[in-house]
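Working notes, structure below.
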Amino acid sequence: MRATWPEPVERVAAFLREAGAEARIEELDAGVATAEEAARAAGATLDQIVKSLVFICDGRPVLALVPGDRRADADKVARAAAAVGARIAKRGEVEEATGFAPGAVAPFPLPDVGTVLVDQSLLGRDLVWVGAGSTTHLAALAPADLVRLARARPMDVVQDSTYHASAKGEG
C-alpha cells in the first residue's frame, strides 16, 4: 500500500482512473527541476519528457506540451491559439489556470485552460512522461492517450533547433 500522495497528485491519479487511462504514476526519490533531471529519474530519454508550459495568449491561458529536448516557440503558440501574442505565464497565473505549481504542472485536469497544444514530434514516441502534480511525481502514458486526455491539438509549437534543456525559462 502506497503512502498518501500530495493532493495535486491524487487529483491527477483520480482523473486517470476515471478516464480508464493506461498510465502509471511514479514517485521519484527526489524532486526534479529540469527535463534532464526528470529523464534521468524516469530512466527515459530527454525527448520522452513532456514539458507542460503555460502561455498567456491575448489574456487567455494556453498549455503547450513540448518535448524535453526542445524549446517552445511563443510565436507558433500564439498563431496556433489564434492570438496576437504569447508570453510565458507568471507563477500565479500558472497556479490559477492549472491548479498546479510551476514545475509540477500536469496536462490534466486543467480547470481554466481552454486550449492545449501538443508538439507533433511527441506523437512518434512509444511512451512519454508528464508531470503528475508535484516535482516528485511523473506519469507515463502513450502519446495518443496524452492527446485524448488533455484534449490537445497536435501542432508544430517548438523552435526549429534543439537546445540545452536547462535554458532559462523552460526546464
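The values are calculated or read from the model by the stated rules, or taken from the named source; none is laboratory data. What you see is a predicted model, and the numbers here were worked out from it, not measured in a lab. Note that we place each Cβ from the backbone using ideal geometry, even for glycine, and neighbour counts take in every protein chain shown. Remember, those area values only see protein heavy atoms, side chains included, never the ligands or the DNA or RNA. Shrake-Rupley method; radii C 1.70, N 1.55, O 1.52, S 1.80 Å.
What to note about this one:
- Test for residue 75: is it more than 24 Å from residue 135 (Cβ to Cβ), open to solvent by 10 Å² or more (accessible area, probe 1.4 Å) and in a helix (DSSP H, G or I): yes
- Yes/no for residue 50 being assigned to a loop (DSSP other than H, G, I, E, B), within 16 Å of the chain's Cα centre (by Cα) and either farther than 30 Å from residue 81 by Cα or not small (Gly, Ala, Ser) (or both): no
- Looking only at the stretch 17-36, and only at residues there that are in a helix (DSSP H, G or I) and over 15 Å from the mean Cα position of the chain (by Cα), the one that is nearest to residue 66 (Cα to Cα): 19
- The stretch 153-162, subset within 14 Å of the chain's Cα centre (by Cα) and buried (at least 17 other Cβ atoms within 10 Å of the Cβ), residue farthest from residue 78 (Cα to Cα): 158
- Only a single criterion out of (1) over 15 Å from residue 132 (Cβ atoms); (2) in contact with a strand residue (DSSP E or B) (Cβ under 9 Å, 6 or more places away or on another chain) is not satisfied by residue 108, namely (1).
- Residue that is under 14 Å from the mean Cα position of the chain (by Cα), on the phi > 0 side of the Ramachandran plot, at pLDDT 95 or above and not basic (Lys, Arg), where the choices are 99, 68, 59: 99
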